[in-house]
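**Student:** Below you'll find the structure I mean.
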């Protein structure tokens, strides 16, 4: 339990911890390559450490020194078969991407995650992998962990993605690396493209025309140096906090601005936030920049369609943002929230209602009417890091203290969150 209540504004400059999606991939891709891969800006969160723990069980040497990581591998062809079950913790990225890698490996493995992972759907990954010839056994025909995978030679497929999911797309592309033939993946709506970008950084040829991605089998990864930008999904909490807390002025350095991930920036601008992008650049095939934001008067907006994949993880904090905007904010086409760490549609609506928000759930999103003052209360996090951080940010504008039932869950993606909250707040009670 943690009680939070703040007064005053947010002031200061932060360097946001490394992007979680890119950190995962840097370790996994480095382990697949033959040689030494170095990573700068790695996120030492619980989820990313789960990926490191798994690849070490293949005999890959991983050295961690704060946010600097070295991966020394002889390549996936030389991976050892683990003598114990792979535990992926709370990480859907580890579980799903590793399933794609292992399906075309030469080893047998079993993967299991925590209680939350054991409830998250895996058939969206295992089904296309089985179409490629993968041998995967799991509960309910491969829909739930534990998953037992016997690596073997796969065949290329031409796959139309039924949902916009970077994890599913990535699992297929990683399996395609060692499959026979050229695999094609077509997205109806583009999901985050960190895998495609990083594969190119590791020397893999990836072709893309519109939303169709092609990858020829038989390609090998070459070692690389990866610079991980700050995670925009983590930065989103400070962007919203600054926008809704009177008198605030915050600068966030070196934040990832990949166009498939920057929906929160566009939404904030549409709602009237005083937000500027400075020092835009790129590194390791990824765009980044410094964000400066001040508190401002906000208006409602509508979020739907191809915008949703660009901000799917930010919807909980966007819902809080909408409670302080004038008018009715509508979020549609966000069914994917129902199969995150928890059913985030129901969780967000339930917890914000406790605080006095005017918010209702729909089949595929929510409707929020603002502005409304928020009171205090106890937030149930459901073990979901983003619900926990949403509750903590709400304490900046609540009339009374907000209590988080499980603040520890935030370490999954942002282990220094409360340290940064303390740095930015100027008047805590």
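Table: residues versus (1) in the same structural domain as residue 104 (by TED's automatic domain parsing); (2) within 18 Å of residue 77 (Cβ to Cβ); (3) surrounded by fewer than 24 Cβ atoms within 10 Å (Cβ to Cβ).
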site: 165; (1), (2), (3): yes, no, yes
site: 171; (1), (2), (3): yes, no, no
site: 180; (1), (2), (3): yes, yes, yes
site: 183; (1), (2), (3): yes, no, no
site: 188; (1), (2), (3): yes, no, yes
site: 195; (1), (2), (3): yes, no, no
site: 205; (1), (2), (3): yes, no, yes
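**Student:** Right, another one. Determine if the stretch 54-61 includes at least one residue that is touching a helix residue (DSSP H, G or I) at 6+ places or on another chain (Cβ under 8 Å), more than 24 Å from residue 90 (Cβ to Cβ) and assigned to a strand (DSSP E or B).
**Tutor:** No, the stretch 54-61 has no match at all.
**Student:** Also: Could you give me the residue pairs with C-beta distances under 9 Å whose first residue belongs to the stretch 18-29 and is without any contact (Cβ under 8 Å) to a residue 12 or more places away in the chain, whose second residue is assigned to a helix (DSSP H, G or I) wherever it lies, and which are 6+ apart or on separate chains?
**Tutor:** Close Cβ pairs (under 9 Å, with a partner that is assigned to a helix (DSSP H, G or I)) do not exist here.
**Student:** What number of residues within the stretch 259-272 are surrounded by fewer than 22 Cβ atoms within 10 Å (Cβ to Cβ) and touching a helix residue (DSSP H, G or I) at 6+ places or on another chain (Cβ under 7 Å)?
**Tutor:** Looking only at that region, the number is 2.
**Student:** Scan the stretch 239-254 and tell me whether some residue there is closer than 22 Å to residue 27 by Cβ and either at pLDDT 95 or above or crowded, with 16+ Cβ neighbours inside 10 Å (or both). Don't jump to the end; show me each part of the working.
**Tutor:** Filtering the stretch 239-254 for residues closer than 22 Å to residue 27 by Cβ gives 254.
Restricting the remaining residues to those that are either at pLDDT 95 or above or crowded, with 16+ Cβ neighbours inside 10 Å (or both) gives 254.
Yes: the stretch 239-254 contains one or more residues that are closer than 22 Å to residue 27 by Cβ and either at pLDDT 95 or above or crowded, with 16+ Cβ neighbours inside 10 Å (or both).
**Student:** Within the stretch 321-329, is there a residue that is more than 30 Å from residue 251 (Cβ to Cβ) and more than 16 Å from the chain's Cα centre (by Cα)?
**Tutor:** Of all residues in the stretch 321-329, those more than 30 Å from residue 251 (Cβ to Cβ) come to 328.
Imposing the further condition that a residue be more than 16 Å from the chain's Cα centre (by Cα) reduces the set to 328.
For the stretch 321-329, residues more than 30 Å from residue 251 (Cβ to Cβ) and more than 16 Å from the chain's Cα centre (by Cα): present.
**Student:** I need the full set of residues from the stretch 1-25 which are in a strand (DSSP E or B) and farther than 29 Å from residue 282 by Cβ, in order please.
**Tutor:** From the stretch 1-25, those in a strand (DSSP E or B) are 2-4, 6-15, 18; that's our starting set.
Residues satisfying the conditions are 2, 3, 4, 6, 7, 8, 9, 11.
Each row is one residue, and each column tells you yes or no for (1) modelled with pLDDT of 95 or more; (2) touching a helix residue (DSSP H, G or I) at 6+ places or on another chain (Cβ under 6 Å).
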position: 24; (1), (2): yes, yes
position: 39; (1), (2): yes, yes
position: 79; (1), (2): yes, no
position: 87; (1), (2): yes, no
position: 99; (1), (2): yes, yes
position: 115; (1), (2): no, no
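Conditions (1) more than 25 Å from residue 20 (Cβ to Cβ); (2) modelled with pLDDT of 95 or more, marked per residue:
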residue	(1), (2)
121	no, no
150	yes, yes
172	no, yes
178	yes, yes
181	yes, yes
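**Student:** Considering only the stretch 352-374, how many residues are over 21 Å from residue 248 (Cβ atoms), in a loop (DSSP other than H, G, I, E, B) and modelled with pLDDT of 95 or more?
**Tutor:** Selection size over the stretch 352-374: 1.
**Student:** Just wondering, is there one or more residues in the stretch 330-351 that are more than 21 Å from residue 265 (Cα to Cα), in contact (Cβ under 8 Å) with a residue 60 or more places away in the chain, assigned by TED's automatic domain parsing to the domain that holds residue 248 and assigned to a strand (DSSP E or B)?
**Tutor:** no
**Student:** Could you tell me whether any residue of the stretch 285-293 is outside the structural domain of residue 166 (by TED's automatic domain parsing), more than 22 Å from residue 192 (Cα to Cα) and part of a strand (DSSP E or B)? Let's see the steps before the verdict.
**Tutor:** Of the stretch 285-293, the ones outside the structural domain of residue 166 (by TED's automatic domain parsing) are 285-293.
With the extra rule that they be more than 22 Å from residue 192 (Cα to Cα), the set shrinks to 292-293.
Keeping just the survivors that are part of a strand (DSSP E or B) gives 292-293.
Scanning the stretch 285-293, I find at least one residue that is outside the structural domain of residue 166 (by TED's automatic domain parsing), more than 22 Å from residue 192 (Cα to Cα) and part of a strand (DSSP E or B), so the answer is yes.
**Student:** Another question, if that's okay. Applying the selection to the stretch 102-129, what residues are within 24 Å of residue 79 (Cβ to Cβ) and part of a helix (DSSP H, G or I)?
**Tutor:** 102, 103, 117, 125, 126, 128, 129 - these are the residues of the stretch 102-129 that are within 24 Å of residue 79 (Cβ to Cβ) and part of a helix (DSSP H, G or I).
**Student:** Looking only at strands (runs of 3 or more DSSP E) that lie completely in the stretch 207-281, which have at least 3 residues being without any contact (Cβ under 8 Å) to a residue 60 or more places away in the chain and either on the phi > 0 side of the Ramachandran plot or under 17 Å from the mean Cα position of the chain (by Cα) (or both)?
**Tutor:** none
**Student:** Ok, one more. If we keep just the residues of the stretch 378-417 that are buried (at least 21 other Cβ atoms within 10 Å of the Cβ) and over 28 Å from residue 50 (Cβ atoms), which is nearest to the chain's Cα centre (by Cα)?
**Tutor:** 394
The values are calculated or read from the model by the stated rules, or taken from the named source; none is laboratory data. Computed from a predicted model, the values in this text were never measured in an experiment. In this analysis, Cβ positions are derived from the backbone assuming ideal geometry, glycine residues included, and neighbour counts consider all displayed protein chains.
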